[in-house]
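The values are calculated or read from the model by the stated rules, or taken from the named source; none is laboratory data. Please read these numbers as outputs of a predicted model, since none were measured by experiment. Backbone-built Cβ (ideal geometry, glycine too); neighbour counts: all protein chains shown.
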Amino acid sequence: MSDEFATPHSACRENVRCKMLSNDKNVEAIAQLVETLKSYLGLQKEYLKLDLFDKFVRLLTALALFIVFFLIIIFAFMYCSFAVAYWLAGYVGDVAAFFIVAFFHFIVLVLFIAYSKTLIQRPIIRFLTNLFMS
């Protein structure tokens, strides 16, 4: 039934397709293309692994540096606070000097909380975005 409606050109087209696919050079080219594609995908997978590892190492390094610098700053701030408190103690007394330093710490804490978005959140988000989007 399908032969009745077949045109003379459709049979010719089918023969050309069969000849093209059965040609050894085309089969070899397709096989080589498939192998090249497999190799490419394997290399992309390895690249992705190495890229993720690089970003993870950068993140850990930045975190370690942040912790070290944070601890150094905290200790320096603590020692400076004691130095200022002992210096003030000669003028206002021991208890008043430590209360003044504690009040200064409280003011710094309030300002830090008030500006935490611009001081902490945005720089961290910017750093992580630059790290993972590069």
Does at least one position in the range 63-70 carry a residue that is surrounded by 11 or more Cβ atoms within 10 Å (Cβ to Cβ) and aliphatic (A, V, I, L, M)? no
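Specify which of the listed residues (Ile72, Ile124, Ile120, Ile113) is modelled with pLDDT of 95 or more, β-branched (Val, Ile, Thr) and either over 31 Å from the mean Cα position of the chain (by Cα) or part of a helix (DSSP H, G or I) (or both). Steps first, please.
Working: Ile124 fails: modelled with pLDDT of 95 or more; Ile120 fails: modelled with pLDDT of 95 or more; Ile113 fails: modelled with pLDDT of 95 or more.
Only one candidate passes the filter, namely Ile72.
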For Phe5, all conditions in the list (1) exposed (fewer than 10 other Cβ atoms within 10 Å of the Cβ); (2) of a type in the set (Phe, Trp, Tyr); (3) modelled with pLDDT of 90 or more hold save one; what is the number of the exception? (3)
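Yes or no: Ala83 farther than 30 Å from Asp54 by Cβ and touching a helix residue (DSSP H, G or I) at 6+ places or on another chain (Cβ under 9 Å)? Steps first, answer last, please.
Numbers: farther than 30 Å from Asp54 by Cβ: yes; touching a helix residue (DSSP H, G or I) at 6+ places or on another chain (Cβ under 9 Å): no.
It is false that Ala83 is farther than 30 Å from Asp54 by Cβ and touching a helix residue (DSSP H, G or I) at 6+ places or on another chain (Cβ under 9 Å).
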Subset of the range 88-104 [surrounded by 11 or more Cβ atoms within 10 Å (Cβ to Cβ) and either of a type in the set (Lys, Arg) or in a helix (DSSP H, G or I) (or both)]: Leu88, Ala89, Val92, Asp94, Ala96, Ala97, Phe98, Phe99, Ile100, Val101, Ala102, Phe104
